[in-house]
Amino acid sequence: MLPSLDFNDIKEKFSTHVRPWHRSLQFWVRAVDIYTGYKVFQVRVSFEKDMHKQEAMWERQHELAAEKIYAMCSDLGGFFLKIAQIVGKPDLAPAPWVRRLVTLCDRAPATPFDEIRLVLEQELGRSVGEVFERFDVDPLGSASIAQVHRARLRGDKSDVVVKVQHPGIQDLMMTDIRNLQAFALYMQKTDITFDLYSVTKEMEKQIGYEFDFVREANAMEKIRHFLYENNKKAPVLVPRVIRDMVGRRFLVMEYFDGIPILNLGDEMAKRGINPGGKIAAVAKQKILQSLTLAYGQMILKSGFFHADPHPGNILICKGSEVGLLDYGQVKDLPESLRLGYANLVLAIADSDPIRASESYRELGIDTLSKCKNELEELLKLAQTMFDTKLPPGVMMLQPFAEESSIKKIGVRAFPEELFSVLRTVHLLRGLSVGLGINYSCAEQWRPIAEEALYRAGRLKGKHIKPSTRRRSFFRRLF
């Protein structure tokens, strides 16, 4: 007797095999359309000699492209939501792109609760009702890899957050990354002299780690311990892991009561505080100071750091305390890169082009000069890439503009492991722009960098600038 055919099973297997090919086709059709649109436009705009008309033409082209990029990221979701988080910042992309993409940062579609419950019960080996006294069906939020629900464990008095992975998301995101790698290879050979492929390889490695929530729980505990041990009061709050409630696709942690940083202005207005007034400015200053201090310590003192400070991962709690969430993307810098970056921080803070050039070589950043004032442009590129404050006269990164440092100084090789630092600094810059505070993280991190180099025997005590000579850069701002 022939076995009966399960058509639903056949349909599911067929869909599983076809979906990556269909997704790849969707990406390439849209990416080629956006790219060729710009290439054709570059020819068209070259015939217009009036600068004001050129600017208006560019604005219309950016608006057209922004709609297409938004549609691609929104329709495909997954990894493309992360791309929207990276690209949709005022210093990195044209204003029409930013206006459109910023709304996508927390727009990942939620997985239906029945599917989430199935993942959770497979991991727990028990029903949700046996483990939890209460479990909110509607998620607190949904991101590209997972969604989080508020719940309470049986016999407990405090609420917890349960993070559960979207089923089937890993294969789709890996497909997306490989398509982006192929596109990056083409771009760096035709338009941008920058090692984009190495950047995407590091993204592949880092995002691959995000699917293991046991690893995330260990990272959260390690960073929590480091920040709480190295400060009288930790600059940011890190959730406590519920240790016996961790699996590869789920994670239970302490619940923080707070508001997303993106809602800070609205919350202030609700409480009768002028979001543009002095009280609000002091609160924003404290938030940014706490956050960047934590990052300076993690990157330069420890080398092990949270590498995803986008607005959706930052919660403002009582008393302007900052809660730092989601430890899926963490990075452990090799000692050589940690110290090399500390040296580059000092070069940026002191506007020292010679030291910046030396730091490039130490970090393994291979540059190709296309200009006469090479040292000045190297420093400008370092400030553009690795500081929250852009160089004078630079409003945003413009990789296609002839006057851009990235055009003048080609980057033939860029160490993959340094991308996480680059991305972290750019996300912090986006936050500072959003809060209306223009500051240099390199200035704030200078004493931490000096200490790191001093402890490694690479900086003599006499070369450390006394803190009495420096006023806090935050005090200079306000």
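The values are calculated or read from the model by the stated rules, or taken from the named source; none is laboratory data. Computed from a predicted structure; not experimentally measured. Cβ: placed from backbone, ideal geometry, glycine included. Neighbour counts: every protein chain shown.
Quick notes on this structure:
- Residues within segment 352-376 that are assigned to a helix (DSSP H, G or I), at pLDDT 85 or above and not hydrophobic (A, V, I, L, M, F, W, C), tallied: 9
- Looking only at segment 154-168, residues that are touching a residue at least 60 places away in the same chain (Cβ under 8 Å) and crowded, with 19+ Cβ neighbours inside 10 Å come to 6 in all.
- For residue 119, the conditions (1) under 22 Å from the mean Cα position of the chain (by Cα); (2) surrounded by 16 or more Cβ atoms within 10 Å (Cβ to Cβ) are fulfilled apart from (1).
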